[in-house]
Every structure is written in structure tokens, then in C-alpha cells.
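Written below as C-alpha cells is the structure these notes are about.
The values are calculated or read from the model by the stated rules, or taken from the named source; none is laboratory data. Just so you know, these numbers come straight off a predicted model, no measurement behind them. Neighbour counts are summed over all protein chains in view; Cβ atoms, including those assigned to glycine, are modelled from backbone coordinates with ideal geometry. We work out accessible area using only protein heavy atoms, side chains counted, and drop any ligands, DNA or RNA first. Shrake-Rupley method; radii C 1.70, N 1.55, O 1.52, S 1.80 Å.
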Amino acid sequence: MTDGKSFVEIRHAQKSFGKLEVLKDISLSVDRGQIVGIIGSSGSGKSTLLRAINDLDPLTGGEVWLDGVRVNQTLPHRAYEKHINQMRQQVGMVFQHFNLFPHMTARENVSMAPIMLKGISKDEANALAEAQLDHVGMLERIDYYPSQLSGGQKQRVAIARALAMQPKLMLFDEATSALDPELVEEVNQVMRKLAEQHMTMIIVTHEMDFAASVCDRVLFMDQGVVVEEGPPEILFKTPSQPRTREFLRKHLESAK
Amino acid sequence: MDFELMLKVYPFFLEAAWITIVLSVLTAILGLICGTLGAFARLSRFAVLRFLGAAYVSVFRGTPALIQLFILYFGGPQIGIQLDAFEAGVIGLGINAGAYMTETIRGAVISIDKGQREAARTLGLSQWQAMYKVILPQAARLMVRPLGVNLNMLIKATALVAAISVVELTYTAQRYIGSTYKPFEMFLLAGILYMIIIYVTGRGVAWLDRKVQIT
Ligand SMILES: Nc1ncnc2c1ncn2[C@@H]1O[C@H](COP(=O)(O)OP(=O)(O)OP(=O)(O)O)[C@@H](O)[C@H]1O
Ligand SMILES: [Mg+2]
């Protein structure tokens with residue numbers, strides 16, 4: 001750790017889209033190996049915060065640090081590109097809609113970035129793809145195209161693709177929200193496995209039970225601020241803020 | 001209808017059709033080059049390039065191709081551009097087709113879901129790597145059909161170079177009308193040959209389109 005910063009450190013994050021202020025002075029630190037869940041209603045800024053971490057949605061104010069390095073630096077275009085590509089290689093991201101490359105097989109989806117960025121040989125790339133797809137239980141579909149896979153299978157391939165770059169940090173943006181209910185568990189299982197392996201993760205989710213079971217800490221966001229945060233057993237069972245209680249109550253109702 | 005005459009002049013028309021084909025192929029190649037450059041200019045992060053790309057498209061789509069050919073062929077020598085008719089035809093039609101292809105290629109690129117670029121960038125790929133490995137291979141598949149339409153238009157547009165005396169199909173038909181006084185037969189023969197060229201090309205495009213689709 002460099003000058004007292006946590007592994008992931010967000011300081012006074014502020015983000016506006018035009019006049020709309022989406023993140024209002026959010027600070028957050030995550031230690032190595034920690035798993036942080038982010039919950040909150042639609043439009044509260046969860047995705048925006050997550051996407052600020054690898055500068056996919058650059059902040060309008062504040063700082064993001066990863067492992068002692070400032071992510072959102074102001075640099076001339078080429079220097080910034082070089083810097084951010086370096087940073088992003090260390091951060092895996094999983095999207096709600098998978099965003100697999102449809103013109104590549106599962107194998108190619110997983111091995112493309114390591115081939116391009118780490119200069120590994122064809123054999124190494126194949127071994128890597130096989131190992132990563134095995135890890136998510138997708139080895140037998142290694143030469144399938146995304147269109148030939150179910151949603152749960154696609155998401156597992158997408159996780160393998162992110163892991164193939166050996167990231168220090170994994171970001172999940174509602175990884176199971178687009179899935180049929182019966183396919184959610186297979187993806188959750190993969191995430192649990194990562195948790196057991198002490199991967200540092202930030203997980204945006206609408207699944208309270210899952211968040212409660214894997215997260216060390218959960219943040220509740222509303223209208224661009226972190227209203228409340230704490231260990232899941234406290235945040236879910238005895239939330240102190242009325243807004244948190246209201247959100248959880250509504251969520252419980254709609255789940256019925 | 002004078003079938004006998006049609007059969008007699010038919011070999012000369014075939015030769016002319018060959019010129020039309022060569023003209024079309026060269027024009028298509030130049031058009032693709034111009035279209036690719038134009039599309040990259042229009043998609044550039046530099047405002048100057050975007051402006052130049054947009055200006056190219058609006059100038060060449062906003063004026064008749066015939067006028068563009070006349071300016072190049074008849075007006076060219078005045079500003080030091082000496083081209084023979086065939087060269088002027090290829091260059092004029094190619095640059096014109098490129099303006100249409102610019103829009104086709106750009107359209108295909110921007111229609112790729114932005115999640116694709118995001119996924120690529122998130123892995124650490126540069127803008128160029130994301131373009132080259134992820135966006136373009138998908139866009140290329142989408143381009144085949146609309147570029148086929150551009151090709152169809154371009155083949156028909158080659159008839160315009162008859163006006164600057166390139167001895168292709170249309171010019172040949174006109175020349176034989178001068179000696180035979182049978183415009184119906186001569187234009188019909190030219191039309192049939194155009195149709196065959198366009199039909200075969202269309203089948204080729206449809207075949208290519210099927211072939212490149214992802215399983
Ligand atoms: N690119 C953008 N341009 C303009 N507004 C945006 C953009 N991205 C997000 N927003 C707005 O920012 C706000 C927060 O969006 P965000 O996607 O972060 O919410 P969220 O908490 O992830 O919601 P959900 O649960 O629906 O995914 C919303 O009001 C959204 O409309
Ligand atoms: Mg979201």
C-alpha cells in the first residue's frame with residue numbers, strides 16, 4: 001500500500017452527465033481480497049460508479065486509485081491511452097448483457113486479449129483458454145460461438161474472458177440480471193468460487209441473498225450518494241437509515 | 001426485330017462488355033479505398049478529418065456524377081490534370097462511388113453495439129486494437145449487402161462514361177446505332193449484357209454474404 005491508500009480507493013467521486021448529477025461526492029475504499037456489494041434502486045448511479053473505476057465513464061471530479069496508482073489521470077491523449085490500457089488490464093469487468101464477441105468462439109473470446117496484449121504463443125493461449133473455461137465449467141463448449149450458448153453459459157465465458165487477463169480486481173455490473181431465473185445460480189456459483197480464491201470484487205447486484213452470502217461489506221446507494229454501508233448481516237437485518245429500510249422493504253415486496 | 005443483326009454485332013458487344021467489367025472492377029476497388037478512408041475520416045476524433053469526410057460525402061453525393069466526370073475530363077487539362085478517357089472514367093466514378101461507400105462503411109461501424117467496444121477496451125485493448133479485432137470484423141459482415149447495393153449502382157453508373165467516349169457497352173451501342181439505324185436492337189443488346197453482369201454480381205454478393213455470417 002502506497003501512502004496510506006487502500007487497494008481500491010475512490011475519493012470524492014463526482015460525476016455529471018450534463019446537468020444531471022449522478023454521483024455526489026462518493027468515497028470508498030476496498031482492501032485486497034475484500035468483496036463489496038453495491039445495491040440501490042435503478043438510476044441511483046451504481047453502474048456509473050463501477051464504470052468510473054476503470055475510467056469507462058470518466059469522473060467529472062475526484063480520484064480513483066488502484067494499488068497505489070491513480071487511474072483517472074489527466075494526461076495527453078497518447079500517454080493517457082497507454083496508461084489506461086495498462087490499468088484496465090488489471091481490472092476485469094463483467095457486464096449485464098455479457099458483451100461477448102459474437103464472431104469469436106468461447107476459446108477465442110478468452111484468448112484474444114492475452115494474445116494481443118501479453119504476446120503469448122498460440123499454444124499458451126490455448127492452454128490458457130482451456131484452463132479458464134474449465135474454471136467456469138465451460139470446457140466442453142470451448143469451440144462454440146456465443147449464439148450457441150445460453151445466457152448463463154455466455155456469462156460464464158465472459159467471466160473467463162476477464163479472468164484470462166489475470167486481473168487484480170473484478171467488477172460485476174448486475175451479472176445475473178439479464179438471466180432467466182434458473183440460470184442465475186450457475187453464474188453465482190462461479191462468483192462464489194472466485195470469492196473462495198480471495199479475488200477482490202465489487203459487485204453491483206439486485207440479488208440481496210447473494211450479496212448477503214458473499215459480500216464482506218454492502219453499500220446502499222440512492223440518488224448518487226452512499227446512504228449506508230456495513231456488513232451484510234447489519235445492513236440487511238438492522239439498517240439504520242429510513243431510505244435503506246424503505247428500499248429493502250420494497251425490494252422484498254417486489255420479489256414476492 | 002432484327003435478330004440476325006443482333007447476332008452479327010454480338011461479339012463486338014461482348015468485347016465492350018468486357019471493358020464495362022474492367023471499368024467496374026477498377027472503380028469498385030478505388031471506391032472501396034476512398035470509402036474506407038472517408039469512413040475513417042468521418043469517425044475520427046479529429047474535427048478537421050470529420051469535416052473533410054463530411055464535405056467529401058456531401059460534395060460527391062450532392063452533384064451529378066456526369067458533371068463530376070465532365071469537370072475531371074474536360075476541365076482537368078485547364079488545371080493541369082491530363083487523363084485519357086478511361087483513366088478519367090475510373091477516377092471520376094471511383095471517387096463518386098467512394099462517397100456512397102463512405103456512408104455504408106460508417107453506418108456498419110456505428111451500428112455495432114457499444115458494449116462491444118467497451119468490452120474490448122475493458123480488457124485493455126487500445127482504440128485501434130478494439131477497432132481491428134472486435135468492431136471491424138463484425139461491421140464487415142454487415143457491410144456486404146449494402147456494399148452490394150453500392151456495387152450495383154456503380155456498375156450502372158459506368159454507362160455515364162460513354163459521354164466522355166470510353167468504348168464500353170453504352171458507347172458501343174450508340175456507335176452501332178450510327179451505322180445500323182437500329183436503336184431498339186442495339187440498346188436491347190446492351191441492356192441484356194448489363195443485366196447479366198449485374199445478376200452475376202448480385203449472386204456473388206449474396207453468396208459472400210451467406211459465407212461470412214457467423215454460425
Ligand atoms: N451516458 C449517459 N448519459 C446521460 N445520462 C446517463 C448516462 N449514463 C447514465 N446516465 C444517467 O445516470 C443515472 C445513473 O445511471 P446508472 O446507470 O449509474 O444507474 P444504476 O444505479 O446502475 O441503475 P440500474 O439499476 O438501472 O442499472 C441515471 O439517471 C441515468 O439515466
Ligand atoms: Mg446499472
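Scanning for something basic (Lys, Arg), open to solvent by 50 Å² or more (accessible area, probe 1.4 Å) and out of contact with any helix residue (DSSP H, G or I) (no Cβ under 7 Å at 6 or more places or on another chain), does segment B:99-106 turn up at least one residue? Give the derivation first.
Of segment B:99-106, the ones basic (Lys, Arg) are B:106.
From the residues that got through so far, the ones that are open to solvent by 50 Å² or more (accessible area, probe 1.4 Å) too are B:106.
Pick out the ones that are also out of contact with any helix residue (DSSP H, G or I) (no Cβ under 7 Å at 6 or more places or on another chain) and you get none.
No, there is no match, as no residue in segment B:99-106 is basic (Lys, Arg), open to solvent by 50 Å² or more (accessible area, probe 1.4 Å) and out of contact with any helix residue (DSSP H, G or I) (no Cβ under 7 Å at 6 or more places or on another chain).
Residues of segment A:83-126 being at pLDDT 95 or above, basic (Lys, Arg) and under 16 Å from residue B:129 (Cβ atoms), which ones?
Answer for segment A:83-126, where residues must be at pLDDT 95 or above, basic (Lys, Arg) and under 16 Å from residue B:129 (Cβ atoms): just A:88.
Here's the yes/no breakdown for (1) away from chain A (no Cβ under 14 Å); (2) crowded, with 20+ Cβ neighbours inside 10 Å:
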residue: B:44; (1), (2): no, no
residue: B:62; (1), (2): yes, no
residue: B:70; (1), (2): yes, no
residue: B:75; (1), (2): yes, no
residue: B:78; (1), (2): yes, no
residue: B:108; (1), (2): no, yes
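Consider only pairs whose beta carbons are under 6 Å apart and that are at least six residues apart or on different chains; among these, list those whose first residue lies in segment A:64-88 and is within 14 Å of chain B (Cβ to nearest Cβ) and touching a residue at least 24 places away in the same chain (Cβ under 8 Å) and whose second residue is open to solvent by less than 20 Å² (accessible area, probe 1.4 Å) and of a type in the set (A, V, I, L, M, F, W, C).
Partner pairs satisfying both residue conditions: A:66/A:8; A:87/A:71.
May I ask you to say which residue of A:54, A:99, A:109 is within 11 Å of chain B (Cβ to nearest Cβ), open to solvent by less than 20 Å² (accessible area, probe 1.4 Å), touching a residue at least 40 places away in the same chain (Cβ under 8 Å) and in contact with a Ser or Thr (Cβ under 7 Å, 6 or more places away or on another chain)?
Values: A:99 fails: in contact with a Ser or Thr (Cβ under 7 Å, 6 or more places away or on another chain); A:109 fails: in contact with a Ser or Thr (Cβ under 7 Å, 6 or more places away or on another chain).
Going through A:54, A:99, A:109 in turn, just one is within 11 Å of chain B (Cβ to nearest Cβ), open to solvent by less than 20 Å² (accessible area, probe 1.4 Å), touching a residue at least 40 places away in the same chain (Cβ under 8 Å) and in contact with a Ser or Thr (Cβ under 7 Å, 6 or more places away or on another chain): A:54.
Being among the aliphatic types (A, V, I, L, M) and farther than 13 Å from residue A:136 by Cβ is the filter here; which residues of segment A:170-198 pass it?
A:171, A:178, A:179, A:183, A:184, A:195, listed by residue number.
For segment B:133-153, indicate whether the set of residues that are open to solvent by less than 40 Å² (accessible area, probe 1.4 Å), more than 14 Å from chain A (Cβ to nearest Cβ) and free of Cβ contacts under 8 Å to residues at least 40 places away in the same chain is non-empty.
no
Could you please give the count of residues in segment B:160-193 that are open to solvent by less than 30 Å² (accessible area, probe 1.4 Å), closer than 21 Å to residue B:93 by Cβ and assigned to a helix (DSSP H, G or I)?
So the count comes out to 9.
Could you tell me whether residue A:222 is within 18 Å of residue A:41 (Cβ to Cβ) and either without any contact (Cβ under 8 Å) to a residue 24 or more places away in the chain or more than 16 Å from ligand 1 (Cβ to nearest atom) (or both)?
On the way: within 18 Å of residue A:41 (Cβ to Cβ): yes; either without any contact (Cβ under 8 Å) to a residue 24 or more places away in the chain or more than 16 Å from ligand 1 (Cβ to nearest atom) (or both): no.
No: the conditions fail for residue A:222.
So residue A:42 fits all but one of (1) within 16 Å of ligand 2 (Cβ to nearest atom); (2) closer than 20 Å to residue A:7 by Cβ; (3) open to solvent by 10 Å² or more (accessible area, probe 1.4 Å); what number is the exception?
(2)
Those residues that are within 16 Å of ligand 1 (Cβ to nearest atom) and buried (at least 22 other Cβ atoms within 10 Å of the Cβ), I need them from segment A:1-21; list them, please. Break it down into steps so the answer makes sense when it comes.
Within segment A:1-21, the first condition is being within 16 Å of ligand 1 (Cβ to nearest atom), and the residues that meet it are A:10, A:13-21.
Within segment A:1-21, A:10, A:13, A:15 meet the criteria.
Could we say that residue A:198 is under 16 Å from the mean Cα position of the chain (by Cα) and outside any strand (DSSP E or B) here?
In short, yes.
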